[in-house]
Amino acid sequence: MRKPAKHFVSRGIAVATLIALAACSATGRSEELGTTSDAVDDAALEKADDATPVAGSPEEAALIESLAVPIVYSDFASRVIYFVMTDRYANGNPANDGGFLSGQRKITGFDPTDIGFFHGGDLRGLTGGCTDPKNGLQRLADLGFNGIWITPLVVQRTVQGDSAAYHGYWGVDFTTVDPRFGTEAELVEFVDCAHSLGMKVYLDVVVNHTGDVIMLVGGSGFVEEPSPAYEAYVLPDESSLKKPEWMNDTTNYHNRGDINWSGCSKACIEQGDFSGLDDLYTEKPEVVDGLAEVFGSWITRFKFDGFRVDTARHVDREFYQRWVPQILKTARSAGIDDFEIFGETWITEPIEQSVYEREWGLPNQLDFPLHDAIARYAGGLVGAGPIMLRLEDDDYSRTDDGRAPTPGTFIGNHDIGRTAMVIKGQSGAEGRELLQRVNLGHSLLYLSRGAPIIYYGDEYGIIGTGGDKEARQDLFPTQVSSWQSQERVGSPPIGLASSFETGSHPVGEHLRELARLRREVPVLWRGATLPRARNSGTLAISRFDVMERLEYVTLFNNSLEAVTLLVPTSTPNATFDTVWGPVVGAASDTFGEMEVAIPPLSASVLRASVQFPVRKTNPIVTIGPDDFSDLWLVSAETSDSPQEVSFIIDSGDGWRRVSVDDSAPYRGFLTPSTLPKSGPIRVVAVSRFADGSVMRSDIQEFDNEG
């Protein structure tokens, strides 16, 4: 565990009052599910904005307490998401395979024998018979999926180089559906079907670039000069290829050359062409507004529930602060109050990745750091340390909206490679051991915070041989000869058959069981997460149901031997009964510690038989430079009782909450550049306990200049 810096220590004083908002902690949490940044109590915030109580007065104390509203677990946290590449799922309408074009594959983009071309999957195939449990979307609902993320549907630049745009990331007409994927009517049918089955639908969108239409005169390498380095040229017959019309204006692109992946400046990452794709000039208001309008229309017309943002770190720093509010406003106007936006920021270091939420304004992200940690752990390459550290580093992503960290979690995907391949690459495991390790990895996803995302086909044990094109197999009968003979975990090669015809699969059945567990034990997605202990490949994590005052413990073992682990808990003198998994129940002593034997390559969930005690004390607030970043660390020492600690500051413009943490060590982080350079900044920590009571620290002052 990282030791927080300790400076400017002050002892807290008790606040015995119970404010009206405390009732939310005990009775209103379920009503908050499904909210996003609007979940923080508006009345409390307005009160904070308008009131200017005398420092140290009872009115100021009450104002501070009113800002310590309960943490929010969003609707996204309750989702188990199926990520599907539409072209490779099912071919519902062979007539549209070539986009109603004729000629060679370089014209139509269709060649089902080539892994880089369109294979025929479409929206009609994805919907199937809707409620047909074998070939309809009902199959996914039966596996426990209540969310589906689909690749981009916009009209594509059909062929670029030696590949076609079957994946959807080379858009040129952003106003409608590519005919190879189907029609707008079929998209409406698909979304309506998903909603009728209780599934939210997330559309992949690209705001960083378009398909490669612009040619650069004089070269292609990125140049650092701030003005456009190259003359932009478009072939006459392609001058109006893109839609909306503003996308045809070459001055709406950076035109500075390709990103240099072997070494690139900040400007290169944000303004370079992504592998030749035309990089949009997102600093321009008309580009931001245009992207908000065109993607907003997809919400209005088709009722999507959220966007996954491709290449999310390659736009400019201010983009999301201008684009996201417009998208959320459009969603609310369409009756979608819990619209989710999560981005692809391919960074495995959690503190570096957190910048995009804390400072850029990207609402949520795909959890690349946890992907890396779980892949290595499930493969048996490392112990549980990286997972524990990743979960502790959630604190860097906590923001003033009060939402608990809820990233999209995954192991495999369309770029990295499939889950089984990733884990096999770490372990070299084969046969039954590989199946056990894949199931262990999925157990970690489903039993941890965040929204687990399963890549299509993983439920059938597809392994594949790599990332990108080699991780995008057909589920319908494939004409790619090498895919017909590839090994699968838990089943034989597919041959000429359809995956849908193979019946139940051990990986899919495990996913079904995990989804049922998440539904029946909601603490697994909306409970505080406290990493407890690790040893010899084992891992123990406590999850807290604050409303019921119950502690759950999830247990994992990635080794080939059973291991006995000493686990600290917050519930002394309790029996911990088995909810799920092979671990036999255990008992905690008077200090809350319990010994538990964890079988090899397994996961389990235990639940305390009695409520955890509420032990209250005033928090001690601590302020100082963070040892691992350029941020200010605000930490609170308090009792070992489960609680939520809100960090509230006054930087000269009134009190406001900057974050809330629901698991020890209790921490918040302040970005120096957002704070005044001179004058005192006041900070206070407020603890909210399971019984609804609150206690706060003294108000502490510090200077941003150190």
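When D626 is tested against the conditions (1) touching a strand residue (DSSP E or B) at 6+ places or on another chain (Cβ under 7 Å); (2) within 24 Å of G692 (Cα to Cα), the lone failure is (2).
If I filter the stretch 454-465 down to residues being on the phi < 0 side of the Ramachandran plot and touching a Lys or Arg at 6+ places or on another chain (Cβ under 9 Å), which single residue comes out as surrounded by the fewest Cβ atoms within 10 Å (Cβ to Cβ)? Among those that are on the phi < 0 side of the Ramachandran plot and touching a Lys or Arg at 6+ places or on another chain (Cβ under 9 Å), it is Y460.
If the condition is being part of a loop (DSSP other than H, G, I, E, B) and either over 30 Å from R256 (Cβ atoms) or assigned by TED's automatic domain parsing to the domain that holds E270 (or both), then the stretch 155-206 contributes P179, R180, F181, G182, T183, L197, G198, M199. Applying the set (1) more than 26 Å from the chain's Cα centre (by Cα); (2) closer than 23 Å to F145 by Cα to S485 leaves exactly one unmet item: (2).
Restricting the stretch 244-303 to residues that are over 23 Å from L203 (Cα atoms) and of a type in the set (S, T, Y) leaves a set whose member that is modelled with the lowest pLDDT is S262. Residue under question is S588, and the condition is that it be surrounded by 17 or more Cβ atoms within 10 Å (Cβ to Cβ), under 25 Å from R549 (Cα atoms), of a type in the set (S, T, N, Q) and not assigned by TED's automatic domain parsing to the domain that holds R696; does it hold? Here the answer is yes, as S588 does meet what is asked.
Would you mind stating whether S499 is farther than 25 Å from A384 by Cα, buried (at least 20 other Cβ atoms within 10 Å of the Cβ) and either modelled with pLDDT of 95 or more or of a type in the set (F, W, Y) (or both)? Here the answer is yes, as S499 does meet what is asked. Kindly indicate whether F83 is touching a residue at least 12 places away in the same chain (Cβ under 8 Å), among the hydrophobic types (A, V, I, L, M, F, W, C) and outside any loop (DSSP other than H, G, I, E, B). Yes; evaluated as a whole, the condition is true for this residue. Inside the stretch 254-285, residues that are among the basic types (K, R) and outside any loop (DSSP other than H, G, I, E, B) make up a count of 1.
If you check T113, T127 for being among the β-branched types (V, I, T), more than 22 Å from V206 (Cα to Cα) and in contact with a Cys (Cβ under 6 Å, 6 or more places away or on another chain), only one passes: T127.
So is L560 at pLDDT 95 or above and either within 30 Å of D474 (Cβ to Cβ) or in a strand (DSSP E or B) (or both) or not? Answer is no for this residue.
Close contacts from the stretch 413-441, counting a first residue that is buried (at least 21 other Cβ atoms within 10 Å of the Cβ) and a second that is hydroxyl-bearing (S, T, Y) and assigned to a helix (DSSP H, G or I), with Cβ to Cβ under 7 Å and a gap of 6+ residues or different chains, come to R437/S427; V438/T419; G441/T419. Pick from the stretch 596-623 the residues that are part of a strand (DSSP E or B) and in contact with an Asp or Glu (Cβ under 8 Å, 6 or more places away or on another chain): which of them is surrounded by the most Cβ atoms within 10 Å (Cβ to Cβ)? The qualifying residue surrounded by the most Cβ atoms within 10 Å (Cβ to Cβ) is V621. Within the stretch 86-124, if we keep just the residues that are in contact with a helix residue (DSSP H, G or I) (Cβ under 9 Å, 6 or more places away or on another chain) and of a type in the set (G, A, S), the residue that is nearest to Q160 (Cα to Cα) turns out to be G116. For the stretch 178-231, how many residues are modelled with pLDDT of 95 or more and either among the aromatic types (F, W, Y) or over 30 Å from Q271 (Cβ atoms) (or both)? The number of residues fulfilling the criteria is 24. Where residues in the stretch 624-648 are surrounded by fewer than 21 Cβ atoms within 10 Å (Cβ to Cβ) and not charged (D, E, K, R), which of them is nearest to L434 (Cα to Cα)? Looking at residues that are surrounded by fewer than 21 Cβ atoms within 10 Å (Cβ to Cβ) and not charged (D, E, K, R), I get F628. Going by the structure shown, is Q160 more than 18 Å from Y89 (Cα to Cα) and buried (at least 20 other Cβ atoms within 10 Å of the Cβ)? Here the answer is no, as Q160 does not meet what is asked.
With respect to the conditions (1) within 19 Å of D173 (Cα to Cα); (2) part of a strand (DSSP E or B); (3) hydrophobic (A, V, I, L, M, F, W, C), W298 lacks only one, and its number is (2).
Listed here are the residues, each with its yes/no results for (1) outside any loop (DSSP other than H, G, I, E, B); (2) over 30 Å from S659 (Cα atoms); (3) more than 16 Å from the chain's Cα centre (by Cα).
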| site | (1), (2), (3) |
| --- | --- |
| L391 | yes, no, no |
| I411 | no, no, no |
| Q426 | yes, yes, yes |
| K469 | yes, yes, yes |
| L475 | no, yes, yes |
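Only residues that are touching a residue at least 12 places away in the same chain (Cβ under 8 Å) and either among the aromatic types (F, W, Y) or surrounded by fewer than 22 Cβ atoms within 10 Å (Cβ to Cβ) (or both) were counted across the stretch 346-356, and they come to 6.
Evaluation of S504 against the conditions (1) polar (S, T, N, Q); (2) free of Cβ contacts under 8 Å to residues at least 40 places away in the same chain; (3) in contact with a Phe, Trp or Tyr (Cβ under 6 Å, 6 or more places away or on another chain) shows that the sole unmet condition is (3).
Of the listed requirements (1) over 29 Å from Y377 (Cβ atoms); (2) out of contact with any Ser or Thr (no Cβ under 7 Å at 6 or more places or on another chain), F628 misses just one: (1). Within the stretch 300-331, can you find the residues that are of a type in the set (A, V, I, L, M, F, W, C) and within 26 Å of Y82 (Cβ to Cβ)? Answer for the stretch 300-331, where residues must be of a type in the set (A, V, I, L, M, F, W, C) and within 26 Å of Y82 (Cβ to Cβ): F302, F304, F307, V309, A312, V324, I327, L328, A331. Pairing each residue of the stretch 513-531 that is of a type in the set (V, I, T) with any residue that is not in a strand (DSSP E or B), provided the two are 6+ apart or on different chains, yields C-beta distances under 6 Å for T529/L391; T529/R449; T529/S663. The residues on offer are A185, A292, A232, and the sole one that is touching a strand residue (DSSP E or B) at 6+ places or on another chain (Cβ under 9 Å) and free of Cβ contacts under 8 Å to residues at least 40 places away in the same chain is A232.
The sole residue among S275, S262 that is surrounded by fewer than 19 Cβ atoms within 10 Å (Cβ to Cβ) and farther than 19 Å from G171 by Cβ is S262. Is at least one residue of the stretch 295-306 crowded, with 18+ Cβ neighbours inside 10 Å, within 14 Å of P363 (Cβ to Cβ) and touching a strand residue (DSSP E or B) at 6+ places or on another chain (Cβ under 9 Å)? The answer is yes, given that some residue of the stretch 295-306 is crowded, with 18+ Cβ neighbours inside 10 Å, within 14 Å of P363 (Cβ to Cβ) and touching a strand residue (DSSP E or B) at 6+ places or on another chain (Cβ under 9 Å). Within the stretch 102-137, the residues that satisfy the criterion of being outside any helix (DSSP H, G or I), of a type in the set (D, E, K, R) and modelled with pLDDT of 95 or more are D111, D114, D122, D132.
Of S651, S673, all but one fail to be in contact with a Pro (Cβ under 6 Å, 6 or more places away or on another chain), farther than 30 Å from V614 by Cβ and surrounded by fewer than 24 Cβ atoms within 10 Å (Cβ to Cβ); the exception is S651.
The values are calculated or read from the model by the stated rules, or taken from the named source; none is laboratory data. All figures in this text were calculated on a predicted structure; none of them were measured in a lab. Don't worry about glycine lacking a Cβ; one is built from the backbone with ideal geometry, like all the others, and counts go over all protein chains shown.
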